Amino acid sequence: MNSWTHAQGVLETPQFEWVALSPTLIVVGAAVLGVLIEAFAPRRYRYGSQVVLAVLALAVAFAAVVGLAANGHAGAEAQIAGMGALAVDGPTLFLQGVLLLIGFVSVFLFAERRLEPAEHGRAVDSFAAQAAATPGGTAEKLAVRSGYTTTEIFPLMLFALGGMLLFPAANDLLILFIALEVLSLPLYLLCALARRRRLLSQEAAVKYFLLGAFASAFLLFGIALLYGYAGTLSYAGIADVISGAPSSQVDPGLAATMGNDAYLLIGGALVIMGLLFKVGAVPFHMWTPDVYQGAPTPVTGFMAAATKVAAFGALLRLLYVTLPGMRWDWEPVLWGVAIASMLAGAVIAITQTDVKRLLAYSSIAHAGFILAGVVAVSPEGVSSVLFYLAAYSFVTLGAFAVITLVRDGDGEATHLSKWAGLGRRSPLLAGVFALFLLAFAGIPLTSGFAGKFAVFRAAADSGAMPLVIVGVIASAIAAFFYVRVIVLMFFSEPQPGGPSVVVPSLMTTSMLGVSVVATVVLGVAPQYFLDLAGQAGVFVR
Amino acid sequence: MSFPLLTATVLAPAIGAVATAVVPSARRTLAKWVALAASVVTAVLAALVLIRFEPGGDRYQLTESHAWIPDFGVSYELGVDGIGVALVALTAVLVPFLIGAGWNDADPKEDETPAGRRWRPTQGFFALILMVEAMVVMSFVATDIFLFYIFFEAMLIPMYFLIGGFGDRAGENSESQQAKQRSYAAVKFLLYNLAGGLIMLAAIIGLYVATSDLPGGGTFSLQAITEARASGELTFAQNTERLLFLGFFIAFAIKAPLWPLHTWLPNAMGESTAPVAVLITAVVDKVGTFAMLRFCLGLFPEASAWATPVVIALALVSIVYGALLAIGQRDMKRLIAYASISHFGFIVLGIFAMTSQGQSGATLYMVNHGIATAALMLVAGFLISRRGSRLIADYGGVQKTAPILAGTFLIGGLATLSLPGTGPFISEFLVLVGTFTRYPVAGIIACAGIVLAALYVLILYQRTMTGPVRPELSRMPDLRPRELAVVAPLIALLIFLGVFPKPLTDIVEPSVQHTLSDVGESDPEPELEARR
């Protein structure tokens, strides 16, 4: 039984399954090393060593995930590790693999130094020279002049990723909360680090932090109530209490509240709320457009892809492992959230004039599509969500990578009017972006279609046909604004003085290449990945 | 394993498209020849399909089957019946002529400064045409519903770029205004068809759920579903079947296009270049009517019977409405577009008359309408490129300065109004006969379409070709050899099919019988004999 919740027992020696938890440990370990590099390495060596360290750590961690999966941890050997706190099973490993790949390509985006014009003879990246300096103040000018760069973005990102790796694995509400904080705090910081438009970036970070803090508080409050209801924090333990078979060890102090359904319903709702906030589903979506727009674009791409993956993973586990017994209570709520997200995301996106905000609203609509798969409550539902997340994250990363390349004198030219005629200036890049937009729109032969089909089919199979029909309507609305951008790029005359496309280094190029290949391969030949997601579709209890 | 002929027919234009697209920007002429060669190879392969196809043989021939996405119940299943063969042949025959006709349509203007060295409109134009061809052929030969759907949807993208990216070098309007109208037309086209496609997606998912009780799990194989339905293994609840039918039918009716879902067609055809306009109406739209015949009737026979009265009414409205609006047009490309709407009404009427003459007629109509519209529209395109205007009022007396152009225009027009001796006559006659035997009133109303057709074609000819020569047109050159080489074979084909349609009817007839037996209908007995 869980040692944290039963302090009266003998203090057990913690047993730790080092191998099973190695992916997370490697990433967090590398993050700690990164901090040490920041502290001790000379300034000029930091960038190189941070990039190499991050890439190596992510590669090794990914190899560890593959190794674990190959040894059957995704299926027969699935286990509860870390004294009941973590589950190492199919969904965990699948999502950890996806997250590590996202992190891997994101490092390339973070490390890109060819985009910004060199300042004072030094190549710089998209991040502020010194984040703490007042925007426009003397300190900032000094920092820029002395060529400071914020290489701490790499350890920050690794910490965030470490939290994300824990998030879908969390099998205990406390771990869920800790993982949430570990993933959120570095992201708040990263959001504030844009080199250009500092105020917008800081505003984004503050908004994200305040709203995120609220969401964390809700989550924590919900956890407390659930503890009051079940007397335990472990997922399986709560599920047992809900199904009316509590384990024998019950804290006598909780006898008054144990089994009180009000605690369960309110607590469950609050916890789900906290997770839906991270997912960016309506009505907890308010932060997305501002944060997406203000954050440095590489961070936006990383956050948009990885947070969604991690949060949906956590949501799936919570709903499928802990709360299946109250399915009839949460299913209608999630139906409503899914429908609202799909429609609101698609409709509001139509009026957007900024590419990053447009993609933010589109991500809300996609959260709705994914929720349609979540409410299916079937193994197909799980695997379809896993597949969708994998497909979606690469399209998202690719799209944001393209945005980093379209620039004018003020940095990235994110206003849509500036994208007019881009297809004539650089057909290749515009073509790549069009591919990502078509994938978002779910046009066949792209990964977006395969994902959408998988999710809708799972939903229809479980009798949620109305949800599918709303989804299809939302897709039609969404298609309108994706197509509008394509029209703008290809059929409008280029504006004089419009943005130019910067030729990036090999890092961004290869990252874009990976995204394109993933988009096409997952669209044309998705079977292997569907199999993978299908095998990973069972949660361990 | 035999040579995968159908796959090759799909791959040839697809590979051609890639090859065309990668030709360097300065070598425009080479790109054109590559595209033409690819389309000719496709035509040869299609001819092989036509030869290898045995009219009296199995229902689906030249079949290929491979696993593709078993998780979705989707496989790569190809096969053709007589109807498919006819339409594959139509597509493969038309595209080389379209490429020939559009030979100079996508060249950058002399005064245009190259916006970037990678911007290659000519290569793009021909690559997109070939891409569309590959996808259209795929949707004619796919016997897996999901596979069909994928290409049915995916073909919108290249089509969309063709409409929005390339237009007539002409016009009373300024360049930017034209570009605006073009992109409006392209977006309207895409949104209409995408909406239809998404409705169909919902129906496809519904179909999967409805078939998931089958022993092998959900399937999209047309043959498997038809067999399971015939053996009683699979039954749809009445409402399910009707909803699924509607989901499919609306998508096809938008594509076809049927009144009142037709409004995208005049925009799209009016704004695009003549070859692209032909590609839309003669090739891409045929997928809609073809799919009605194959999927709506084949999968949902009872619902088809249920919907027949409404569909016939819509078809009649299309016939009359399209013709009336064609008479009122000032723009000759829009005129041809409305004429096409009227003709699609005939095709749908023939399909839903549920008689063998009607459906054979409808299939022949698809082929003949494709060729006739191509002839008329391409000559109109040549005319427009000379004068720089699409307005009928800007022309007059052309037959005196350009007699060959006027003559080919007349023959194309006469074929469009179904003059006896041209292909469309046979098909229109069959459709009307097929309709008459079951729905006499509908047949009578449809006949009005013939009269109106004479009106819009002859008025068009009279206003543009006869009368005093307009001064701007006095030096207009006649058809150039390239243009004649494009039009002459089409006209020859029209007359051949008008005089000797037997090879085509022989191929189509058995497949139509199969379709009718799917629906469980047989031709009504001739009444006069019954009375004796």
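The values are calculated or read from the model by the stated rules, or taken from the named source; none is laboratory data. Computed from a prediction, not measured in an experiment: that's the story for all the values here. Quick reminder, even Gly has a Cβ in these numbers, built from the backbone with ideal geometry, and neighbours come from all protein chains shown.
So here's what we get for this one:
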read-out: Total residues in region A:473-493, condition more than 24 Å from the chain's Cα centre (by Cα), more than 15 Å from residue A:431 (Cα to Cα) and within 7 Å of chain B (Cβ to nearest Cβ); value: 3
read-out: Residue match in region B:37-44 (condition: of a type in the set (A, V, I, L, M) and closer than 24 Å to residue B:144 by Cβ); value: no
read-out: Count of residues meeting criterion [touching a residue at least 60 places away in the same chain (Cβ under 8 Å), farther than 22 Å from residue A:299 by Cα and surrounded by 22 or more Cβ atoms within 10 Å (Cβ to Cβ)] in region A:431-447; value: 3
read-out: Within region A:203-236, tally of residues that are of a type outside the set (D, E, K, R), farther than 16 Å from residue A:257 by Cα and either touching a Ser or Thr at 6+ places or on another chain (Cβ under 6 Å) or modelled with pLDDT of 90 or more (or both); value: 17
read-out: Helices (runs of 4 or more DSSP H) lying entirely in region B:144-248 (those with 2 or more residues that are surrounded by 20 or more Cβ atoms within 10 Å (Cβ to Cβ), at the interface with another protein chain (Cβ under 9 Å from one of its Cβ atoms) and of a type in the set (Val, Ile, Thr)); value: B:175-211
read-out: Positions within region A:279-306 being farther than 21 Å from residue A:200 by Cα and part of a helix (DSSP H, G or I), in sequence order; value: A:279, A:305, A:306
read-out: Region A:494-523, residues that are closer than 17 Å to residue A:414 by Cβ, of a type in the set (A, V, I, L, M) and either out of contact with any helix residue (DSSP H, G or I) (no Cβ under 6 Å at 6 or more places or on another chain) or away from every other protein chain (no Cβ under 11 Å) (or both); value: A:502
read-out: Selection from region B:1-17 of residues that are farther than 17 Å from residue B:151 by Cα and part of a helix (DSSP H, G or I); value: B:5, B:16
read-out: Check on residue A:306, in contact (Cβ under 8 Å) with a residue 12 or more places away in the chain, buried (at least 24 other Cβ atoms within 10 Å of the Cβ) and closer than 29 Å to residue A:411 by Cα; value: yes
read-out: Given (1) part of a helix (DSSP H, G or I); (2) closer than 29 Å to residue A:93 by Cβ; (3) within 14 Å of chain B (Cβ to nearest Cβ); (4) hydrophobic (A, V, I, L, M, F, W, C), number of the condition residue A:371 does not satisfy; value: (3)
read-out: Meets criteria (β-branched (Val, Ile, Thr), in contact with an Asp or Glu (Cβ under 9 Å, 6 or more places away or on another chain) and away from every other protein chain (no Cβ under 12 Å)) for residue A:538; value: yes
read-out: Selection status of residue A:130, touching a helix residue (DSSP H, G or I) at 6+ places or on another chain (Cβ under 7 Å) and crowded, with 22+ Cβ neighbours inside 10 Å; value: no
read-out: Filter result for residue A:72 (under 27 Å from the mean Cα position of the chain (by Cα), farther than 16 Å from residue A:170 by Cα and modelled with pLDDT of 85 or more); value: no
read-out: Top-ranked residue of region A:456-472 - restricted to ones that are in contact (Cβ under 8 Å) with a residue 60 or more places away in the chain and within 9 Å of chain B (Cβ to nearest Cβ), ranked as nearest to residue B:192 (Cα to Cα); value: A:471
read-out: Residues that are of a type outside the set (Val, Ile, Thr) and part of a helix (DSSP H, G or I), drawn from region B:71-89; value: B:71, B:72, B:82, B:84, B:86, B:87, B:89
read-out: Residue in region A:312-324 that is surrounded by fewer than 19 Cβ atoms within 10 Å (Cβ to Cβ), in a helix (DSSP H, G or I) and basic (Lys, Arg) present; value: no
read-out: Selection status of residue B:467, buried (at least 19 other Cβ atoms within 10 Å of the Cβ) and among the small types (Gly, Ala, Ser); value: no
read-out: Candidates B:448, B:488 - the one that is closer than 25 Å to residue B:95 by Cβ and touching a residue at least 24 places away in the same chain (Cβ under 8 Å); value: B:488
